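Participant: Sharing a structure here in structure tokens format.
Bear in mind these aren't lab numbers, they're just calculated from the coordinates by the rules spelled out. No experiment lies behind these values; they were computed from the predicted model shown. As a convention, Cβ positions derive from the backbone with ideal geometry for all residues, glycine included, and neighbour counts pool all protein chains shown.
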Amino acid sequence: LGGGRVGHPTRGQASADPFVFSSPPAVTSPCKILKCNSEFWAATSGSHHLGAEEAPEFCTALRAYAHCTRRTARTCRGDLAYHSAVHGIDDLMVQHNCSKDGPTSQPRLRTLPPGDSQERSDSPEICHYEKSFHKHSAAPNYTHCGLFGDPHLRTFTDTFQTCKVQGAWPLIDNNYLNVQVTNTPVLPGSSATATSKLTIIFKSFQECVDQKVYQAEMDELPAAFVDGSKNGGDKHGANSLKITEKVSGQHIEIQAKYIGTTIVVRQVGRYLTFAVRMPEEVVNAVEDRDSQGLYLCLRGCPLNQQIDFQTIRSAQATEGRARRKGPSLPAPPEAFTYETATAKCREKLPVEDLYFQSCVFDLLTTGDVNFMLAAYYAFEDVKVLHSNKDKLHLYERTRDLTPGNMAPMGTHPTLWGALLCLCWLCLL
């Protein structure tokens, strides 16, 4: 990145990072890799920055880390953070000339200096992205990405998609942080999925922050990083990364001032929503853009993971005929009609944009009224995080429809969406 504000990590630094993301697995299993991570950090406590005489202690902790990952290997085969950690451990073994054979240490509790490093004074200028801009420099351009509901994705380029993406997928993957989401079926046998797990990895950056991991799951929205801290660690600029709890168990906000980024995570009902505000130069800070094809916030969902309304309509028609022939398929979870779903969504979303349409779609698909709240809060986050107030509302464009299903000239796209929904219900 230009201007000397946020530097790219060198390849040597990247290889020393035990949590560099790889391709997403299709499914994730219960996995305790973050426990291994936090134990390793507790055992080393800054030994990366000590002299050569500390190498044996560091190698001992590294072997313990490797042993921990082996113990959890069976349940972590599909976990992205696990595979990143395994590769990272091998790199660190080579860099520090550590033998794979030898003693392993027991993790020791990490102690904070008197007064707690979380109460430190102002960070250095390099740890405040906006302050690092000189007066003659242009203000940074900010972008927004959000994921909510069944799930619906708004990319950094304001593209709006409804996707399947079951399993674990990288939402953000750049030089400074990685975000992975795991989506699981809302109902057994249903194609509807929602976000049940979220992992955010903030990479170590200069004198500002240590590497930190945040993880949330269904019914567990912590107000701290995995290691128990609420800021960027023991470095002088630690307060340039902070977690704030807005509503206990329902809403947290992470401020990463050193990269000008704000992240909002919510639990609505059983599932999670994600929203981020990030400068364009941080968004695009990737060493190899060709390898970023699965970075959902940047590129969107793969075509084979996007939900096509025509396909959904056909599937619902097939289910409707099957129900009329016999009780081979389960009944809808809730008796939402198009009229009741639109009325419910209109309570919170009076403008019939894509957030409103997503709300209606989710109520008809899942029958869970919490999806209405998820759409509402997603739009509330857009109002706070999006820098262009003229782009808050998004509307489906008729030119995106296939030629055989074009809306009549002059038909409002929202009305066309309503007509499609009515057609689906008629077929049922």
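Participant: Take the cross-link list 246/348; 35/235; 131/383; 197/242; 164/246; 242/383 and give me the ones stretching past 28 Å between alpha-carbons.
Facilitator: Violating the 28 Å Cα-Cα cut-off are 164/246.
Participant: How far, in nm, would the chain grow between residue 141 and residue 35 when pulled straight, counting 0.36 nm per residue and subtracting the alpha carbon separation?
Facilitator: This chain segment gains 34.5 nm when fully extended.
Participant: Using 0.36 nm times the number of residues separating residue 339 and residue 158, minus their current alpha carbon distance, what extension gain do you get?
Facilitator: Gain on stretching residue 339 to residue 158: 62.3 nm.
Participant: While we're on this one: State, to one decimal in nm, how far the label point of residue 284 lies from the label point of residue 191, with both points 7 Å from Cα in the Cβ direction.
Facilitator: 3.6 nm
Participant: Give me the one-decimal nm value for the distance between modelled label points at residue 388 and residue 97, 7 Å along each residue's Cα-to-Cβ direction.
Facilitator: It works out to 5.5 nm between the two label points.
Participant: Looking at 268, 196, 254, which one has the Cα that reaches farthest to the positive end of the dipole of segment 125-305 (charges on Cβ: Lys, Arg +1; Asp, Glu -1)?
Facilitator: 268
Participant: For residue 63, what is the net charge nearby, where nearby means another residue's Cβ is under 9 Å from its Cβ and Lys, Arg count +1, Asp, Glu -1?
Facilitator: 0
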